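The values are calculated or read from the model by the stated rules, or taken from the named source; none is laboratory data. The structure displayed is predicted, hence computed values, not measured ones. With ideal geometry, Cβ positions are generated from the backbone for all residues, glycine too; neighbour counts draw on all protein chains shown.
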Amino acid sequence: MGLPKNYRKNLKITPTLEGFEARQAILNNIANPGTYLPKGILHEDMDRDFIDYVTNGIDLVLGGEKVPVIFLSIQRWAEFAKTWQFSDVNKNIKIPFVTIVRKPDPQVGTNYAGAFNIPGKPTFTYMKIPTWDGNIKSFDIYQIPQPVSIDLTYELRLFCNKMRDLNKFNKKLLEAFSAGQKYLRINGHPIPLMLDSIGDESVISNLDERKYYVQLYTIKMLGYLLDEDEFKVTPAISRGILFFETEENSNTAAYQIVSEPDNNIITINIHFKPGINFFKLPVKKNVSYTDMINYNISTSDIKINGITVTLPFTVVDNDLVEITITKVDVTENAYITLKGINE
Amino acid sequence: MKTNRKIPITRVNKFFSQDDFDLEKEFGREWLEGDINIKVILFQVERGESTTDDVYGEADRDEIRFKAPVEVVVNFNMAGPDNKAYNPDGSLRFLEHGNITFGVYQDHLDELKVEINYGDYIGYPETETKLKYFTVSNNGIIHSDNAHTILGFKGFYRTIICVPTDPDEFQGV
């Protein structure tokens, strides 16, 4: 009996993220759990994941056996160390196999489309993390530099003896890149791969030579470099504390000179505001002071040109009068009235 | 074209006859088979019996069927091994056997009732336990040139060229 129309055989029972949540999930995936920072990504990370993708992602099986994938560098012993388990009695690797060679000259990346960039490699705020030290609530600012783009070119070669094997590998590669690009999650970062070209290096033209197929796939990785050593974590400004240092002698008390020309009496009214206990006056006239009235003052010290004097005293032109007081109540105003006769 | 009508060969008959030719061959075979006695193992592929795919006509290493292996006495010559690399950048080096070039008397093949064809496999026992396989890239079936005759009388031996083969292609016995 056939299924009724519009019958759905595959139901998604786990919700899939969309929109903002999906983008946030990508960011969360990039972040290194527990550190609030993204994971770094360097050359070896990209190489490692590319090898892993070819080995386990493409996963070529020929003749019932998994085809070995060998990443090659120039060190001879390393090459032998990677191939000995797949070698024959003459210690030669047995066909079929896949080799990966990364071109040793990574190029300036093209995933910014060649646009110019901010010089100086500044760091940018990636995240603000609240902190609490028991007294002050604050933030730590996590900053990272802009990633440096890089293009890595990998040469993937299949060595085999049969056209059928070529077809299988070709099918897997073309399927993987059917969307034009293939994304790898390298340390959580989505990095695209582009299939640049497919070539043939088969050794089949010389009759008196061993024949085998070599199919070359040139794959470009549009990656970027993000070095964890360049990450910065700095505390944000949590509280501004302003310090005011005051010196009592630095400001002198306000004063008013009242002259009574009819009887030659001169009165100086001095007003010591809270925090001011000092008075200074350059003398312009010759005056003999005979009387002083205090308010809110416990002690006072009068100096003329630096010499302490007591009432009565006389000042002449160019003298400097200095009065230092001690208040009874420092939070209140204090007053002195000096009275003298103009000579 | 082979014909049933026999044409007498009378070339250089003033100095050389069929009897001389046979005698020379006997001397040579006595030296090669009696004194030198280097043998290779011939695996004649059963082309009709081997399993192949419909499109490419290729067979897996265990799908190639062959007649009973035959020991063939040959005038053996193996070239030196080549130090090569699979990749153009020099990585994945391998040491490849040199080609085998051997001469074999046509009479010897006729007596064994075997034929060496393009693509047949040749086993060469390097040691008591190590058998290396080659495939025939030139079966030398045309052997009427001067080098393969005695005084231009008739061809009497063939030069076979074999190139190394992969274990993935043929694994023999």
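Picking from residues in segment B:117-134 that are among the β-branched types (Val, Ile, Thr) and surrounded by fewer than 19 Cβ atoms within 10 Å (Cβ to Cβ), the one that is farthest from B:PHE21 (Cα to Cα) is B:THR129. I'd like to know if segment B:25-37 contains one or more residues that are touching an Asp or Glu at 6+ places or on another chain (Cβ under 6 Å), buried (at least 17 other Cβ atoms within 10 Å of the Cβ) and touching a residue at least 12 places away in the same chain (Cβ under 8 Å). Within segment B:25-37 (the criterion being touching an Asp or Glu at 6+ places or on another chain (Cβ under 6 Å), buried (at least 17 other Cβ atoms within 10 Å of the Cβ) and touching a residue at least 12 places away in the same chain (Cβ under 8 Å)), the answer is no, since none of the residues qualifies. For segment A:186-205, the set of residues classified as assigned to a strand (DSSP E or B) and within 14 Å of another protein chain (Cβ to nearest Cβ) consists of A:GLY199, A:ASP200, A:VAL203, listed by residue number. Of everything listed in (1) touching a residue at least 40 places away in the same chain (Cβ under 8 Å); (2) in contact with a Gly (Cβ under 9 Å, 6 or more places away or on another chain); (3) closer than 30 Å to A:ILE100 by Cβ, the single unmet condition for B:ASP82 is (1).
Mind checking whether some residue in segment A:116-139 is under 30 Å from B:ASP89 (Cβ atoms), surrounded by 12 or more Cβ atoms within 10 Å (Cβ to Cβ) and away from chain B (no Cβ under 14 Å)? Checked against the condition, which is being under 30 Å from B:ASP89 (Cβ atoms), surrounded by 12 or more Cβ atoms within 10 Å (Cβ to Cβ) and away from chain B (no Cβ under 14 Å), segment A:116-139 yields no hits at all. Does any residue of segment B:130-137 turn out to be away from chain A (no Cβ under 12 Å) and either touching a helix residue (DSSP H, G or I) at 6+ places or on another chain (Cβ under 7 Å) or not polar (S, T, N, Q) (or both)? No, that holds for no residue. Scanning segment A:66-85 for residues that are exposed (fewer than 12 other Cβ atoms within 10 Å of the Cβ) and facing chain B (nearest Cβ under 10 Å), we see that the one that is nearest to A:LEU174 (Cα to Cα) is A:ILE74.
Within segment B:1-24, the set of residues being surrounded by fewer than 10 Cβ atoms within 10 Å (Cβ to Cβ) and either outside any loop (DSSP other than H, G, I, E, B) or in contact (Cβ under 8 Å) with a residue 12 or more places away in the chain (or both) comprises B:PHE15, B:ASP19. In segment A:210-225, the residues that are within 12 Å of another protein chain (Cβ to nearest Cβ) reach residues that are surrounded by fewer than 20 Cβ atoms within 10 Å (Cβ to Cβ) and small (Gly, Ala, Ser) with C-beta atoms within less than 6 angstrom, at least six apart or across chains, in these pairs: A:TYR213/A:SER202; A:VAL214/A:SER202; A:LEU216/A:GLY199. Got at least one residue in segment A:172-194 being closer than 30 Å to A:ILE136 by Cα, modelled with pLDDT under 95 and among the hydrophobic types (A, V, I, L, M, F, W, C)? There is no residue in segment A:172-194 that is closer than 30 Å to A:ILE136 by Cα, modelled with pLDDT under 95 and among the hydrophobic types (A, V, I, L, M, F, W, C).
Based on this model, can you work out whether B:LEU151 counts as among the hydrophobic types (A, V, I, L, M, F, W, C), at positive phi and not in a strand (DSSP E or B)?
Details: among the hydrophobic types (A, V, I, L, M, F, W, C): yes; at positive phi: yes; not in a strand (DSSP E or B): yes.
In short, yes.
Do you know which residues across segment B:38-73 are under 17 Å from B:ILE122 (Cα atoms) and free of Cβ contacts under 8 Å to residues at least 12 places away in the same chain? Once the filter is applied, which keeps residues that are under 17 Å from B:ILE122 (Cα atoms) and free of Cβ contacts under 8 Å to residues at least 12 places away in the same chain, segment B:38-73 yields B:ARG47, B:ALA68.
The condition of being within 60 Å of the chain's Cα centre (by Cα), in a loop (DSSP other than H, G, I, E, B) and hydrophobic (A, V, I, L, M, F, W, C) does not hold for A:ILE270. Listed conditions (1) part of a loop (DSSP other than H, G, I, E, B); (2) over 25 Å from the mean Cα position of the chain (by Cα) are all met by A:LEU166, apart from (1).
Scanning for something surrounded by fewer than 14 Cβ atoms within 10 Å (Cβ to Cβ), more than 27 Å from B:GLY57 (Cβ to Cβ) and either acidic (Asp, Glu) or modelled with pLDDT under 95 (or both), does segment B:155-164 turn up at least one residue?
no
Restricting to segment B:154-173, give me the number of residues that are of a type in the set (Phe, Trp, Tyr) and either free of Cβ contacts under 8 Å to residues at least 24 places away in the same chain or not in a strand (DSSP E or B) (or both). Qualifying residue count, segment B:154-173: 2. Working only within segment B:62-101, note down all residues that are within 14 Å of another protein chain (Cβ to nearest Cβ), part of a strand (DSSP E or B) and surrounded by 14 or more Cβ atoms within 10 Å (Cβ to Cβ). Correct list: B:MET78, B:ASP82, B:LYS84, B:ARG93, B:PHE94, B:GLU96, B:ILE100, B:THR101. When A:ASP88 is tested against (1) exposed (fewer than 13 other Cβ atoms within 10 Å of the Cβ); (2) more than 30 Å from A:LEU195 (Cβ to Cβ); (3) assigned by TED's automatic domain parsing to the domain that holds A:ASN187, just one condition goes unmet, and that condition is (1).
Screening the candidates A:LYS171, A:LYS162 for the property of being away from chain B (no Cβ under 14 Å) and within 30 Å of B:THR165 (Cβ to Cβ) yields one hit, A:LYS171.
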